[in-house]
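First up is the structure itself, then whatever we jot down about it.
The values are calculated or read from the model by the stated rules, or taken from the named source; none is laboratory data. Remember, predicted model here, so these are calculated numbers, not experimental data. Positions of Cβ are generated from backbone atoms using ideal geometry, with glycine treated the same way; all protein chains shown enter the neighbour counts. Ligands, DNA and RNA are stripped out before the accessible areas are found, and what is left, the full protein with its side chains, is counted by its heavy atoms. Shrake-Rupley method; radii C 1.70, N 1.55, O 1.52, S 1.80 Å.
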Amino acid sequence: VKLLQRDPSEAYLVKHSKLLLNCKVIVFSRRGSAAQQSTKEETENKTKDEAIHLKRRIGLLPSISFIIGTVVGSGIFIAPKGVLMNSGSVGVSLIVWTLCGVLSLFGALCYAELGTSFTKSGGHYTYLLETLGPLPAFLRLWTEFIFIRPAVASYVALAFGRYVVEPFFMPCAAPTVLVKLVSILGVSFVVAVNCWSVSLATRTQVSLTFIKMFALILIIIPGIMALVNGKTTNFQEAFDSESLSVTKLPLAFYSGLYAYGGWFYLNFITEEVINPNRTFPLAIVFSMVTVTVCYVLVNVAYYTVMTADELLMSDAVAVTFASRALMSLAPAIPVLVAASCLGALNGGLFGATRMLFVGAREGHMPVIFSMIHIRRHTPLPAILFLYPLVVIMIARGEIYQLINFASFSRWLFIALATLGMLIHRYRFPEHPRPFKVPLVIAVTFTLVCFFIVGLSLYSDPWNTGVSCALTIAVVPVYYLTMKTSFIPNCWKNFFNYYSLQLQILLEVTQQEVQTY
């Protein structure tokens, strides 16, 4: 059957490319004009629900689960070691955990204002684009997918692998190669779920959130009971100042803030949230208050059962705690922690791919990444793009170096986003803001972020310096590709050809309706 018997011209191909891509075979007979008119009427009568686009399916409970499920990942089970190592004492570490929770709440409230003021998905990228212009947004987008996102996902995946493998080798150390292989399997599972269905990814996130909250409660209860029964030895001389180093405190905050990292992921999926003006403030406040209380109580439980030296010697703090405090339930803790890490990995991937999707839609990334699957309605190219980057980072990364490596650029751009919010308030006072954070909170959060970013260059010059250099190195890419295109035509043709082949292979197309 000849599809283009009536009109084989290029203009006709362009006009009906979407129908061809959806595998709708149009056979033109001598009455082809009537068939063409019928197809046109069907397209015009197509409702918004039937059109290919990312739909609003995330309500208040999934939003709360999305935030808690992404925040409560590997951090609370690994970061206590990093916080204690750099804070120098038990008392200071608990203060750092509390301040990190308050600071994260301040940041989340700032992002609640941004999320209700700008209705696009994309999080940091969108807010930098709307407030400070395309260059900071371009830098944020490219650094996110060059090293921030792969480093963050690798950190969580390695924690997942460690908690799955380590119980089989205790008291010996688990083989590093095996840990990395299991980590890659965890990433593969999350990628498959996100490629398959948005609903499946959302239900997975809700289920894993309940599991990880059960894990936290399982740690908190025996620790608090031991504390009530008078086990306070480890809290004596809690503020020993001999090992306190002011220059290392930013690294302690980095580890703590990393454990709270995830409060901004809901902003990545704004276009898929039902009634965001109501959902954003409620979900953010409830989630962050809950997480902060749980985190402080978990650390109190750790210090009640374990000494500071024992905590520093453990690579899997929760497992060591369970072997002493839970006894018969100890084997369940690694499984629960691994599920917690998997939830954080799922939420992070779900949100980050939307930033890539929006960046491609704005022209800052190849257009193939702004396409979604014609039946499953998932951003398939964006998800698949991240997979090899994360695998490479898992193969080379050491877990604490990854924290410092990724944190510099992440917190620099978060500070710039909230600074842009303040500038936008001043420049456009009449812009609709359904939720408005108090000015003192926004200013405090922005200044603290810039202070931590600046001091970290002194505390860990190698990792943060490399991160800074990679961020600056993207500037020439912006001017060569966006402002003035120096890409040869042969490269463009080559890239466009293979983008078209990928589009056909993956069965993806751009959204048919505007969702913001």
*asked:* I'm checking my understanding of the structure. Among residues of segment 505-516 that are outside any loop (DSSP other than H, G, I, E, B) and of a type in the set (Val, Ile, Thr), which one is surrounded by the fewest Cβ atoms within 10 Å (Cβ to Cβ)?
replied: Thr509
*Can you tell which of Phe160, Phe210 is open to solvent by 50 Å² or more (accessible area, probe 1.4 Å), out of contact with any His (no Cβ under 7 Å at 6 or more places or on another chain), assigned to a helix (DSSP H, G or I) and among the aromatic types (Phe, Trp, Tyr)?*
Phe210
*Filtered residue count, segment 359-377, keeping only those that are surrounded by fewer than 24 Cβ atoms within 10 Å (Cβ to Cβ), without any contact (Cβ under 8 Å) to a residue 60 or more places away in the chain and closer than 30 Å to Phe160 by Cα*: 0
*Does at least one position in segment 339-358 carry a residue that is β-branched (Val, Ile, Thr) and open to solvent by 10 Å² or more (accessible area, probe 1.4 Å)?*
no
*Determine whether segment 236-247 contains at least one residue that is under 24 Å from Ala330 (Cα atoms) and modelled with pLDDT under 85.*
no
*Filter segment 487-504 down to the residues that are free of Cβ contacts under 8 Å to residues at least 24 places away in the same chain and open to solvent by 90 Å² or more (accessible area, probe 1.4 Å), then identify the one that is farthest from Phe369 (Cα to Cα).*
Asn489
_Val300 vs. criteria within 30 Å of Phe264 (Cβ to Cβ), touching a residue at least 24 places away in the same chain (Cβ under 8 Å) and of a type in the set (Val, Ile, Thr)_ = yes
*Output the number of the condition that Pro366 fails; it satisfies all remaining conditions of (1) in contact with a Phe, Trp or Tyr (Cβ under 8 Å, 6 or more places away or on another chain); (2) modelled with pLDDT of 90 or more.*
(2)
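Rundown of residues vs (1) open to solvent by less than 10 Å² (accessible area, probe 1.4 Å); (2) at pLDDT 90 or above; (3) under 17 Å from Arg410 (Cβ atoms), yes/no style:
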residue: Gly82; (1), (2), (3): yes, no, yes
residue: Val92; (1), (2), (3): no, no, no
residue: Cys100; (1), (2), (3): yes, yes, yes
residue: Glu113; (1), (2), (3): yes, yes, no
residue: Leu139; (1), (2), (3): no, yes, yes
residue: Phe147; (1), (2), (3): yes, no, yes
_Residue in segment 125-137 that is most open to solvent (accessible area, probe 1.4 Å), counting only those that are touching a Phe, Trp or Tyr at 6+ places or on another chain (Cβ under 7 Å) and closer than 18 Å to Leu480 by Cβ_ = Leu135
_When the residues of segment 250-266 are narrowed to those that are assigned to a helix (DSSP H, G or I), of a type outside the set (Phe, Trp, Tyr) and open to solvent by less than 10 Å² (accessible area, probe 1.4 Å), which ends up modelled with the highest pLDDT?_
Leu266
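Matching residues to (1) modelled with pLDDT of 90 or more; (2) closer than 14 Å to Tyr125 by Cα; (3) touching an Asp or Glu at 6+ places or on another chain (Cβ under 9 Å):
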site	(1), (2), (3)
Phe408	no, no, yes
Leu419	yes, yes, no
Arg427	yes, no, no
Phe435	yes, no, yes
Ala442	yes, no, yes
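Yes/no matrix, rows are residues, columns are (1) of a type in the set (Lys, Arg); (2) free of Cβ contacts under 8 Å to residues at least 12 places away in the same chain; (3) over 30 Å from Ser499 (Cα atoms); (4) buried (at least 23 other Cβ atoms within 10 Å of the Cβ):
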{"site": "Pro379", "(1), (2), (3), (4)": "no, no, no, yes"}
{"site": "Phe385", "(1), (2), (3), (4)": "no, no, no, no"}
{"site": "Val390", "(1), (2), (3), (4)": "no, no, no, yes"}
{"site": "Ile414", "(1), (2), (3), (4)": "no, no, yes, yes"}
{"site": "Tyr426", "(1), (2), (3), (4)": "no, yes, yes, no"}
{"site": "Val437", "(1), (2), (3), (4)": "no, no, yes, no"}
{"site": "Phe450", "(1), (2), (3), (4)": "no, no, yes, no"}
{"site": "Leu457", "(1), (2), (3), (4)": "no, no, yes, no"}
{"site": "Pro461", "(1), (2), (3), (4)": "no, yes, yes, no"}
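Scan segment 166-198 for residues that are open to solvent by 40 Å² or more (accessible area, probe 1.4 Å) and farther than 19 Å from Val317 by Cβ and jot them down.
Pro175, Val177, Leu178, Lys180, Leu181, Ile184, Leu185, Phe189, Ala192, Trp196
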*asked:* Among the residues of segment 328-335, are any closer than 23 Å to Gly262 by Cβ and buried (at least 19 other Cβ atoms within 10 Å of the Cβ)?
replied: yes
*Looking at Ala469, Ala442, Ala395, which one is on the phi < 0 side of the Ramachandran plot and crowded, with 19+ Cβ neighbours inside 10 Å?*
Ala442
